[in-house]
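In what follows, a structure is listed as structure tokens, so that the remarks can point back to it.
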Amino acid sequence: MKELWTTMASLMGVLAFCQTLLHTVIPPELRFAVLKLFQRLFNCFSSYCYFEITEIDGVNTNELYNAVQLYLSSSASSTSSAAAATSNRLSLTRGLNSSAITFGLSNNDRLSDVFNGVSVVWEHIVTPRQSQTFSWRPLPEEKRGFTLRINKKDKPYILESYLDFITEKANEIRRKNQDRLLYTNSRGGSLDSRGHPWESVPFKHPSTFDTLAMDPVKKQEIKSDLRDFADGQAFYKRTGRAWKRGYLLYGPPGTGKSSMIAAMANFLGYDIYDLELTEVNTNSELRKLLMKTSSKSIIVIEDIDCSINLTNRKKSSNGSGRNNGSFDGDTRSGPGGPIGPGDPDNNGGNNNTITLSGLLNFTDGLWSCCGSERIFVFTTNHIEKLDPALLRSGRMDMHVFMSYCSFESLKILLKNYLGFEEGDIEKEVLDELAAVTNEAEMTPADISELLIKNRRDGHKALKEVLEVLRKKKSANRRRRVVAEEEEMAEEEEKRALDSPKEVGGGAATGSVDDNNVNVDYKKGGNDGEKDNGRLCN
């Protein structure tokens with residue numbers, strides 16, 4: 001054994017001497033050329049090709065590295081994927097503002113993946129970084145990167161599509177893991193410290209389509225439309241349309257319009273931009289706000305009929321005696337109605353200068369295309385007050401009526417608040433609920449308040465809801481009867497007022513039979529009587 005160690009020590013000494021001699025005799029350029037030659041020879045005989053994806057690209061972070069890291073994390077955490085079966089050592093991380101723990105490759109570990117039937121190998125390489133000289137941006141102490149190994153014969157078929165797939169998958173994972181944000185425009189168009197006109201807070205609204213008190217058929221229709229929109233990039237590109245969609249939610253207050261918006265955001269994983277029009281001064285500022293919104297977002301204008309004066313032009317023109325349907329795109333809308341540039345009633349006040357044409361361009365003009373995969377949502381309690389130009393297809397593609405609570409909606413509320421399924425309620429009570437709910441015309445918000453107040457005693461809550469629904473149904477019937485009686489009385493009074501006019505007065509042509517003289521009554525009242533008397537005499 002001693003002789004073996006002596007031989008090995010002598011051999012190590014000879015190798016060290018030869019290495020020193022080679023470094024002294026052979027110049028570095030020649031050594032590099034020889035190493036390069038051996039590497040090329042190895043690549044010629046190897047059946048694989050290798051691609052390196054480093055964490056730092058110059059002085060910037062490599063986005064592809066982050067995408068690969070997220071993708072491999074999801075593959076490693078999935079129990080059904082091929083990557084999970086080939087990796088026995090994983091790292092666990094939880095990022096800032098993240099709601100989930102993610103898996104990742106450990107340092108210098110390998111992981112296999114399969115794409116379109118082709119097997120590839122990823123290796124996470126981490127090496128210490130040499131002591132750096134002066135730099136404007138300090139670099140990490142470790143040099144990190146991924147190495148992708150693909151068979152040469154498969155490279156032309158999967159490389160580009162595989163990387164695109166990884167990028168898309170990483171974006172989807174990022175949206176699911178990170179908390180969504182709720183944005184609002186800054187007061188008076190001011191900018192924050194980063195120069196953005198939007199302020200944000202984490203969006204944690206718990207509303208979903210499962211908890212939304214709405215007709216299930218209508219909910220399924222909306223979900224299908226949203227799913228088709230999110231998956232329709234190729235369709236919108238092929239048809240030459242901007243990748244956006246408009247929703248108009250209208251109905252009485254308390255019918256769940258805001259909850260619907262939150263459910264849409266949670267269903268798609270989109271951020272929400274809540275646009276407050278009263279804080280926007282000009283059309284130009286409105287366009288800048290649109291430019292600063294991100295893709296995969298929902299842009300909301302709630303109670304649009306109350307934000308600024310955007311009432312129906314036809315009604316306003318008929319009432320004011322102006323030309324029908326005419327509209328000056330430069331007319332400014334203030335609290336008191338349209339104000340012209342030289343209107344003396346303006347008095348230099350700080351009236352809102354957003355125009356209807358500016359809002360239309362915001363939703364359906366050229367500026368609405370500076371982004372993709374965005375949904376515009378308007379809400380209103382009075383759809384008849386809105387101008388028809390806002391309601392047409394292309395701006396508001398889907399008009400969703402948020403109605404009073406129906407029987408189907410009531411069953412969803414009973415399940416959400418009391419945990420009652422349809423089989424948990426007596427058939428007589430269920431039949432009576434079905435008979436009174438639609439005619440009671442109560443909003444889901446009103447019924448939810450009753451259920452919250454008595455949520456500790458489900459049967460008491462159900463009894464109180466049924467009692468209130470009965471009272472509301474009776475009150476609505478009495479109100480309809482009174483309204484019908486008043487309408488009939490008004491019609492009778494109108495007929496009574498119209499009858500004397502037809503008999504004795506007004507502009508009419510008559511004759512005097514006694515004297516066989518035709519008389520043209522041009523005036524009514526006393527003048528007519530005087531004329532008649534003069535002619536008769």
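If you check 452, 425, which single one turns out to be at pLDDT below 90 and either aliphatic (A, V, I, L, M) or open to solvent by less than 50 Å² (accessible area, probe 1.4 Å) (or both)? It is 425. When residue 89 is tested against the conditions (1) over 23 Å from residue 165 (Cα atoms); (2) out of contact with any Ser or Thr (no Cβ under 7 Å at 6 or more places or on another chain); (3) at pLDDT below 70, the lone failure is (2). Within the range 477-506, no residue that is at pLDDT 85 or above sits with its Cβ atom under 7 Å from a residue that is among the small types (Gly, Ala, Ser) and open to solvent by 100 Å² or more (accessible area, probe 1.4 Å) at 6+ positions apart or across chains.
Would you check if there is a residue in the range 269-283 being at negative phi, outside any loop (DSSP other than H, G, I, E, B) and touching an Asp or Glu at 6+ places or on another chain (Cβ under 6 Å)? No, the range 269-283 contains no residue that is at negative phi, outside any loop (DSSP other than H, G, I, E, B) and touching an Asp or Glu at 6+ places or on another chain (Cβ under 6 Å). Considering the range 104-134, the residues that are at pLDDT 75 or above and of a type in the set (A, V, I, L, M) include one that is most open to solvent (accessible area, probe 1.4 Å), namely 114. Looking at 449, 487, 491, just one residue is part of a helix (DSSP H, G or I) and closer than 21 Å to residue 402 by Cβ, and that residue is 449.
When every residue of the range 345-368 is checked against the conditions, none turns out to be at pLDDT below 70, outside any loop (DSSP other than H, G, I, E, B) and among the hydroxyl-bearing types (Ser, Thr, Tyr). Within the range 17-57, can you find the residues that are assigned to a helix (DSSP H, G or I) and within 25 Å of residue 123 (Cα to Cα)? If the condition is that a residue be assigned to a helix (DSSP H, G or I) and within 25 Å of residue 123 (Cα to Cα), then 35, 36, 37, 38, 39, 40, 41, 42, 43, 44, 45 are the ones that fit.
Looking only at the range 273-294, how many residues end up being open to solvent by 10 Å² or more (accessible area, probe 1.4 Å) and under 12 Å from the mean Cα position of the chain (by Cα)? The qualifying residues number 3. The one condition from (1) surrounded by fewer than 17 Cβ atoms within 10 Å (Cβ to Cβ); (2) touching a helix residue (DSSP H, G or I) at 6+ places or on another chain (Cβ under 8 Å); (3) over 21 Å from residue 303 (Cα atoms); (4) not small (Gly, Ala, Ser) that residue 399 does not meet is (3). Given the criterion farther than 30 Å from residue 276 by Cα, more than 24 Å from the chain's Cα centre (by Cα), among the hydrophobic types (A, V, I, L, M, F, W, C) and at pLDDT below 80, identify the matching residue among 139, 148, 163. Unique residue meeting the criteria: 139. Among the residues of the range 221-233, are any out of contact with any strand residue (DSSP E or B) (no Cβ under 7 Å at 6 or more places or on another chain), exposed (fewer than 15 other Cβ atoms within 10 Å of the Cβ), within 20 Å of residue 369 (Cα to Cα) and small (Gly, Ala, Ser)? No, there is no match, as no residue in the range 221-233 is out of contact with any strand residue (DSSP E or B) (no Cβ under 7 Å at 6 or more places or on another chain), exposed (fewer than 15 other Cβ atoms within 10 Å of the Cβ), within 20 Å of residue 369 (Cα to Cα) and small (Gly, Ala, Ser). For residues that are charged (D, E, K, R) and at pLDDT 85 or above, scanning just the range 166-189, find the one that is nearest to residue 69 (Cα to Cα). Only one residue fits best here, namely 169. If you go through the range 17-47 and keep only what is within 25 Å of residue 154 (Cβ to Cβ) and at pLDDT below 80, you end up with 39, 40, 41, 42, 43, 44, 45, 46.
The values are calculated or read from the model by the stated rules, or taken from the named source; none is laboratory data. Please read all numbers here as calculations on a predicted model, not as lab measurements. Because the Cβ atoms are built from the backbone with ideal geometry, glycine has one as well, and the counts that use them run over all protein chains shown. Calculation scope for accessible area: heavy atoms of the full protein, side chains included, ligands and nucleic acids excluded. Shrake-Rupley method; radii C 1.70, N 1.55, O 1.52, S 1.80 Å.
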